[in-house]
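Q: Following this message is one structure expressed as structure tokens.
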2 protein chains.
Amino acid sequence: MTTTLSPVRTLNVEIWSDIACPWCYIGKRRFATALADFPHRDHVEVTWRSYELSPHTPVGPGRPEMDALAELKGIPRDRVRQMFTQVTAVAAGEGLAYDFDRALAVNTFAAHRLVHLARSTGGAELAERTLEALFSAHFEHGADLGDDETLVRLVSDAGLDADEVRASLAGDLGADAVRADEDEARALGVTGVPFFVVDRRIAVSGAQPADVFTQLLEAGWRDANPLQTLATADPDAAACVDDSCAI
Amino acid sequence: MTTTLSPVRTLNVEIWSDIACPWCYIGKRRFATALADFPHRDHVEVTWRSYELSPHTPVGPGRPEMDALAELKGIPRDRVRQMFTQVTAVAAGEGLAYDFDRALAVNTFAAHRLVHLARSTGGAELAERTLEALFSAHFEHGADLGDDETLVRLVSDAGLDADEVRASLAGDLGADAVRADEDEARALGVTGVPFFVVDRRIAVSGAQPADVFTQLLEAGWRDANPLQTLATADPDAAACVDDSCAI
């Protein structure tokens, strides 16, 4: 006798983030913590989606984050420094060594294009590795993501082909994919990042604690893979429904 | 800790079409292309609804489409031939081999009744298969859908019971259902077919490109199944909404 179960349904997790978003990198670490402990992690597909917090930042060389915030946003330098200290402490709690003394504010469109290039050439794994390299370079190592040759070096270290990257940067490969991600974010009502969506059904916003991401994965899993009753079981087999059961 | 999600809401797609409508068969193919790639296709129910473009065409044996158009509509034969060539080319692009040299103009009321008979005996799947058989027979194989025995053969090949089909044709089974579909089309303001409606809420008219049908499905899905926020998530978790986010 055979019993056919529905095949396991993979969870599709989409995460919108910006490379220039300090809470996105922290959220990435916390989500990774939850995913690493999730028993069905082999049936989870993660797609990193693009979102620009500051699409009007000029393309080209970066400028110090401190100057960008103080001069463009008019926030007092002392206050900016205080906030850097605070987010740096939270990042350190996730094993990240943020260095705002060196961090450079840039337009992130080109960097996002390269994450899409990575996905189209090497799938989700290469896309994740590329994004990770960009986040780390930006927040931990003061890399200028506004400089094409810096981008080429970083993402070719992550596994992309340097010539292909150069050609992509010179053209507009990936630009449509970045814009499509942003259009989808708008359609879903996303107003801030990081933003996590499971199966286009359940969402959480922000760098939540890891256990919230665990709950997100568990809720998505129950939804995608509800209990199936064994077809060969006797539906009338003896069971108790209340305390008169002994009868 | 538990999180309860609303159950997935199925999309109800209704498609009004006439079996004698060349753009309906083309639209059917294009919609099928979109549906096949739609990630939530298992939660889409399609109901084919009846519409007669020419209810006053005499019941009985068909006559060549060319003659019907040239003589009844007074369109010059050269112009008719030109139209046939054009729509045949578009159909070919969807893998359909239209053959207007053999196509026969008929009153389609009886054929529509059989699609309803198929639904009432075998559900949406049998209705679709029956409609598909009728479209193909009419446009690709010069079948005379005005001939009862031809109808019996076609739809019993599709899976209906031949005796039941004969009895239905002799009586008026399905006639009310066809008229109800046409009344609903009028109530919705449908003036041409094919006409696609999702959840009686979003409509598109015509044999649109497949990507428009994809957008229709996506819009309907977002509407029926909006993102649910995980109830246990911290609503104040840190997130970035603009470039002063480091703060």
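The values are calculated or read from the model by the stated rules, or taken from the named source; none is laboratory data. Keep in mind that this is a model prediction, so the values were computed, not measured. Cβ placement follows ideal geometry from the backbone for every residue including glycine, while neighbour counts extend to all protein chains displayed. Each accessible area value is taken on the protein alone, full model and side chains, heavy atoms only, with ligands, DNA and RNA left out. Shrake-Rupley method; radii C 1.70, N 1.55, O 1.52, S 1.80 Å.
Q: Checking B:Ala111 against (1) farther than 19 Å from B:Phe196 by Cβ; (2) modelled with pLDDT of 95 or more; (3) open to solvent by 30 Å² or more (accessible area, probe 1.4 Å), which single condition isn't satisfied?
A: Going through (1) farther than 19 Å from B:Phe196 by Cβ; (2) modelled with pLDDT of 95 or more; (3) open to solvent by 30 Å² or more (accessible area, probe 1.4 Å) one by one, B:Ala111 breaks only (3).
Q: Next question. Tell me, which residue of segment A:89-98 that is over 11 Å from A:Pro22 (Cα atoms) and in contact (Cβ under 8 Å) with a residue 40 or more places away in the chain is nearest to the other protein chains (Cβ to nearest Cβ)?
A: A:Glu94
Q: Within segment A:87-105, work out how many residues are farther than 19 Å from A:Leu53 by Cα, surrounded by 15 or more Cβ atoms within 10 Å (Cβ to Cβ) and in contact with a Lys or Arg (Cβ under 9 Å, 6 or more places away or on another chain).
A: 3
Q: Those residues that are surrounded by 15 or more Cβ atoms within 10 Å (Cβ to Cβ) and either more than 13 Å from B:Asp243 (Cα to Cα) or hydrophobic (A, V, I, L, M, F, W, C) (or both), I need them from segment A:44-63; list them, please. Break it down stepwise before answering.
A: So the first thing to find is which residues in segment A:44-63 are surrounded by 15 or more Cβ atoms within 10 Å (Cβ to Cβ), and the list is A:44, A:46-54, A:57, A:62-63.
A:Val44, A:Val46, A:Thr47, A:Trp48, A:Arg49, A:Ser50, A:Leu53, A:Gly62, A:Arg63 - these are the residues of segment A:44-63 that are surrounded by 15 or more Cβ atoms within 10 Å (Cβ to Cβ) and either more than 13 Å from B:Asp243 (Cα to Cα) or hydrophobic (A, V, I, L, M, F, W, C) (or both).
Q: Which one of these is within 12 Å of chain B (Cβ to nearest Cβ), modelled with pLDDT under 95 and either open to solvent by 20 Å² or more (accessible area, probe 1.4 Å) or within 27 Å of B:Pro39 (Cα to Cα) (or both): A:Thr10, A:Thr3?
A: When all the criteria are applied, what remains is A:Thr10.
Q: Kindly provide the set of residues from segment B:210-230 that are more than 9 Å from every other protein chain (Cβ to nearest Cβ) and not aromatic (Phe, Trp, Tyr), ordered by number.
A: Scanning segment B:210-230 gives B:Ala210, B:Asp211, B:Val212, B:Thr214, B:Gln215, B:Leu216, B:Leu217, B:Gly220, B:Asp223, B:Ala224.
Q: To continue, here is another question. Pull up segment B:13-34, narrow it to residues that are aliphatic (A, V, I, L, M) and surrounded by 17 or more Cβ atoms within 10 Å (Cβ to Cβ), then point me to the one that is nearest to the other protein chains (Cβ to nearest Cβ).
A: Ranking the candidates gives B:Ala34 first.
Q: Further question on the same structure: Go through (1) more than 9 Å from chain B (Cβ to nearest Cβ); (2) surrounded by fewer than 21 Cβ atoms within 10 Å (Cβ to Cβ); (3) under 24 Å from A:Val115 (Cα atoms); (4) aliphatic (A, V, I, L, M) and name the single condition A:Val178 misses.
A: (2)
Q: Kindly check whether there is at least one residue in segment A:129-149 that is closer than 23 Å to A:Val13 by Cα and among the β-branched types (Val, Ile, Thr).
A: Narrowing segment A:129-149 to residues closer than 23 Å to A:Val13 by Cα: A:129-136.
Next, from what is left, pick out any that are among the β-branched types (Val, Ile, Thr): A:130.
Yes, that holds for at least one residue.
Q: Okay, moving on. Looking at the structure I just gave you, is A:Met66 modelled with pLDDT under 95, open to solvent by less than 60 Å² (accessible area, probe 1.4 Å) and among the aliphatic types (A, V, I, L, M)?
A: The answer is yes for A:Met66.
Q: Right, here's the next one. Filter segment B:163-174 for residues that are open to solvent by 30 Å² or more (accessible area, probe 1.4 Å) and assigned to a helix (DSSP H, G or I); which is nearest to B:Ala137 (Cα to Cα)?
A: It comes out as B:Arg166.
Q: As an exercise: evaluate B:Val241 against (1) in contact (Cβ under 8 Å) with a residue 60 or more places away in the chain; (2) within 14 Å of chain A (Cβ to nearest Cβ) and give the number of the one condition it does not meet.
A: (1) is the only condition that B:Val241 fails.
Q: Continuing with this model, one more query. Does at least one position in segment A:60-82 carry a residue that is more than 13 Å from every other protein chain (Cβ to nearest Cβ) and not in a loop (DSSP other than H, G, I, E, B)?
A: No, the conditions are met nowhere in segment A:60-82.
Q: Can you name the number of the only condition in (1) within 14 Å of another protein chain (Cβ to nearest Cβ); (2) open to solvent by less than 70 Å² (accessible area, probe 1.4 Å) that B:Ala207 fails?
A: Only one criterion is unmet by B:Ala207, namely (1).
Q: Hey, could you check segment B:31-45 for residues that are in a helix (DSSP H, G or I) and in contact with a Phe, Trp or Tyr (Cβ under 6 Å, 6 or more places away or on another chain) and say which is nearest to B:Glu218 (Cα to Cα)?
A: Looking at the filtered set, the residue picked out is B:Ala34.
Q: Something else now. The conditions are (1) in contact (Cβ under 8 Å) with a residue 40 or more places away in the chain; (2) within 14 Å of another protein chain (Cβ to nearest Cβ), and A:Ala110 fails exactly one of them. Which is it?
A: Only one criterion in (1) in contact (Cβ under 8 Å) with a residue 40 or more places away in the chain; (2) within 14 Å of another protein chain (Cβ to nearest Cβ) is unmet by A:Ala110, namely (2).
Q: Name the single residue that is modelled with the highest pLDDT among those in segment B:46-59 being outside any strand (DSSP E or B) and β-branched (Val, Ile, Thr). Quick ask: steps written out before the conclusion?
A: From segment B:46-59, those outside any strand (DSSP E or B) are B:51-59; that's our starting set.
Subsequent filtering for residues that are β-branched (Val, Ile, Thr) retains B:57, B:59.
On the way: B:Thr57: 92, B:Val59: 95.
If we take residues in segment B:46-59 being outside any strand (DSSP E or B) and β-branched (Val, Ile, Thr), then B:Val59 is modelled with the highest pLDDT.
Q: Looking at A:Gly122, A:Gly159, which one is farther than 25 Å from A:Glu65 by Cβ, small (Gly, Ala, Ser), more than 10 Å from every other protein chain (Cβ to nearest Cβ) and assigned to a loop (DSSP other than H, G, I, E, B)?
A: Values: A:Gly122 fails: assigned to a loop (DSSP other than H, G, I, E, B).
Answer to the check: A:Gly159.
Q: Against the condition in a helix (DSSP H, G or I), over 20 Å from B:Thr47 (Cβ atoms) and more than 16 Å from the chain's Cα centre (by Cα), how does B:Thr85 come out, does it pass?
A: yes
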